[in-house]
Structures are given as structure tokens and as C-alpha cells.
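Engineer: A single structure is presented below for examination.
The values are calculated or read from the model by the stated rules, or taken from the named source; none is laboratory data. Predicted, not measured: the structure shown is a model, and the values here were computed from it. When we count neighbours, we look across all protein chains shown, and the Cβ atoms used for this are built from the backbone with ideal geometry, even at glycine. Each accessible area value is taken on the protein alone, full model and side chains, heavy atoms only, with ligands, DNA and RNA left out. Shrake-Rupley method; radii C 1.70, N 1.55, O 1.52, S 1.80 Å.
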Amino acid sequence: MNRVELTGTVGSVEELRMVRGDLPLLKFSVCTTESKKNKDGSWDNKYDYHNCAVFGSKASRMASQISKRDIIFVSGKLSPNEYTDKSGVKHKT
């Protein structure tokens with residue numbers, strides 16, 4: 001099963017755009033925070049940014065509903081990408 005659930009703060013939100021002719025696409029980032037107590041009793045925060053993409057009618061609705069710093073719950077799947085840079089090195093994202 002490939003399922004991911006994130007609750008965090010909206011970072012950047014790109015403009016809604018059309019791909020493959022008429023398919024709406026919305027890209028945005030979600031910042032999650034993990035807090036841990038360190039040895040001296042104070043708290044350390046770790047911040048992770050997750051790039052998200054939504055397609056279709058959900059993308060159209062979300063484009064008008066979310067903005068930077070909103071708290072959001074995202075449910076979906078991970079889709080790793082692979083590409084080769086100009087020097088021929090393969091990268092996974």
C-alpha cells in the first residue's frame with residue numbers, strides 16, 4: 001500500500017495551470033514539524049517541506065481555498081521521480 005497523510009502548514013502555492021491541454025494542476029508545499037526534547041530538557045524542532053501536486057477538479061477547488069500559512073491535511077500517495085542532469089548523473093526525488 002502506498003499511502004501518505006500529512007498535517008502541516010502550507011508553504012508556497014503556485015498558480016493553477018493546465019497540463020495536457022485541459023487538465024488543471026496545482027502545486028504547493030506543506031511544512032511539517034517534529035519536536036523532540038533534547039538532553040538538557042529544551043525542545044528541538046525539525047522542519048521538513050513536502051512538495052505536493054493535485055490534478056483535476058480538486059486542483060481547481062483548492063486553488064481558490066488555500067493560501068500560504070494555512071493549516072492543511074493532505075492524503076495521497078508518494079510518486080518518486082527520476083531524472084538525469086546535464087552531466088549524465090541520475091537523481092531520484
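Engineer: Exactly one condition in (1) under 22 Å from S12 (Cα atoms); (2) among the hydrophobic types (A, V, I, L, M, F, W, C); (3) open to solvent by 70 Å² or more (accessible area, probe 1.4 Å) is false for A53; which is it?
Structural biologist: So the condition that A53 fails would be (3).
Engineer: Another question, if that's okay. Within segment 35-80, track down each residue that is within 30 Å of P24 (Cβ to Cβ), assigned to a loop (DSSP other than H, G, I, E, B) and in contact with a strand residue (DSSP E or B) (Cβ under 7 Å, 6 or more places away or on another chain).
Structural biologist: Of everything in segment 35-80, those that are within 30 Å of P24 (Cβ to Cβ), assigned to a loop (DSSP other than H, G, I, E, B) and in contact with a strand residue (DSSP E or B) (Cβ under 7 Å, 6 or more places away or on another chain) turn out to be G56, I66, S67, K68, R69, D70, K77, L78, P80.
Engineer: Note down all Cβ pairs under 7 Å where the first residue falls in segment 57-76 and is under 10 Å from T9 (Cα atoms), the second is open to solvent by 60 Å² or more (accessible area, probe 1.4 Å), and they're at least six residues apart or on different chains.
Structural biologist: That search, which allows pairs on different chains as well, returns K68/S12; F73/T7.
Engineer: Determine the pairs where a residue that is free of Cβ contacts under 8 Å to residues at least 60 places away in the same chain, located within segment 1-12, has a partner that is of a type outside the set (G, A, S) with Cβ atoms under 7 Å apart, the partner being 6 or more residues away or on another chain.
Structural biologist: What qualifies is G11/V30; G11/C31; G11/Y49; G11/K68; S12/F28; S12/K68.
Engineer: Now for a different question. Tell me whether segment 70-80 contains one or more residues that are open to solvent by less than 100 Å² (accessible area, probe 1.4 Å), among the acidic types (D, E) and out of contact with any Ser or Thr (no Cβ under 9 Å at 6 or more places or on another chain).
Structural biologist: No.
Engineer: Kindly establish whether G8 is among the small types (G, A, S) and over 13 Å from the mean Cα position of the chain (by Cα).
Structural biologist: Considered against the rule, which asks whether it is among the small types (G, A, S) and over 13 Å from the mean Cα position of the chain (by Cα), G8 comes out as no.
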